[in-house]
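The values are calculated or read from the model by the stated rules, or taken from the named source; none is laboratory data. Since this is a predicted model, take the numbers as computed values, not measurements. Cβ: placed from backbone, ideal geometry, glycine included. Neighbour counts: every protein chain shown.
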Amino acid sequence: MANEAEKKSKTSENSMKITVSRNGPYIVTGRVPLIVSEIHSDEEGYCINWQEIKRYPLKEKYALCRCGHSGNKPFCDGTHTKIHFDGTEKGDYESFSEGAIVVSGPVLTLKDNKHLCVHAEFCLRAGGIWKLIKRSDYPEARDIAIEEAYNCPSGRLVIIDSTTGEKIEPEFEKSIVVVEYPSRNEQGPLWVRGGIPVESADGRKYEIRNRVTLCRCGKSENKPFCDGSHFER
């Protein structure tokens, strides 16, 4: 029975997909868990962790707002048709590594694709991840650097073991997280976790990655991906 349940679970995971509709919402299929999580800060104001605050009931299919004007967020309510939302996709199809710079340290190496930044700001604590990488032969610096990269929702920051060349990545439940940042009164992107495929309106597939962030404010110049345009200082 256990093997049968595992097979069903695997089949369900393999059917998960996000399709970008033309000038409309994200169509999510395959019973993808939908979660709301908040970014929390420490006493000094640095972003430090995530707190899950809600899970929606599982559905085989649902539509998530992409224009930023739905009255039923995070779900689409058809407002995109009334406001004539231009959701033209401008996101490129190059791989993560093609756009990444490499920062080398004694124990850890960082791949940093700044193009994907969504300003979640987990990377600033303890001097910033870039300095921590340079000091990664110290256990505390190593651990904090890994923690900061893990919390980066867009996957802009990817840690590599300098000795083995292997990625050090968090293991995620395949899911979509609606990002909220209460202390900044900010609604962030849709954080797609665990390698769920994202397909463009014309049927092309974007690179599958463990961490991806999709725009839900409608302002990004890198649609369907978030470019941090929701962020206001």
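In segment 46-67, which residue that is part of a loop (DSSP other than H, G, I, E, B) and over 17 Å from the mean Cα position of the chain (by Cα) is modelled with the lowest pLDDT?
Filtering segment 46-67 for residues that are part of a loop (DSSP other than H, G, I, E, B) and over 17 Å from the mean Cα position of the chain (by Cα), the one modelled with the lowest pLDDT comes out as TYR46.
Could you check segment 177-233 and list, in sequence order, the residues that are closer than 19 Å to ARG156 by Cα, of a type in the set (Gly, Ala, Ser) and surrounded by fewer than 23 Cβ atoms within 10 Å (Cβ to Cβ)?
Matches in segment 177-233: GLY194, GLY195, GLY228, SER229.
Looking only at residues in segment 78-125 that are aliphatic (A, V, I, L, M) and surrounded by 16 or more Cβ atoms within 10 Å (Cβ to Cβ), which one is nearest to GLY195 (Cα to Cα)?
LEU116
Please indicate, with yes or no, whether at least one residue in segment 135-151 is at pLDDT 95 or above, surrounded by 21 or more Cβ atoms within 10 Å (Cβ to Cβ) and closer than 19 Å to HIS230 by Cα.
For segment 135-151, residues at pLDDT 95 or above, surrounded by 21 or more Cβ atoms within 10 Å (Cβ to Cβ) and closer than 19 Å to HIS230 by Cα: absent.
Within segment 191-216, work out how many residues are assigned to a loop (DSSP other than H, G, I, E, B) and not aromatic (Phe, Trp, Tyr).
Counting residues in segment 191-216 that are assigned to a loop (DSSP other than H, G, I, E, B) and not aromatic (Phe, Trp, Tyr) gives 15.
Of the residues GLY218, GLY155, GLY165, GLY228, which single one is at pLDDT below 95 and of a type in the set (Gly, Ala, Ser)?
After applying the criteria, what remains is GLY228.
Check off (1) over 12 Å from the mean Cα position of the chain (by Cα); (2) without any contact (Cβ under 8 Å) to a residue 60 or more places away in the chain for PRO197 and give me the number that stays unchecked.
If we test PRO197 against (1) over 12 Å from the mean Cα position of the chain (by Cα); (2) without any contact (Cβ under 8 Å) to a residue 60 or more places away in the chain, just (2) comes out false.
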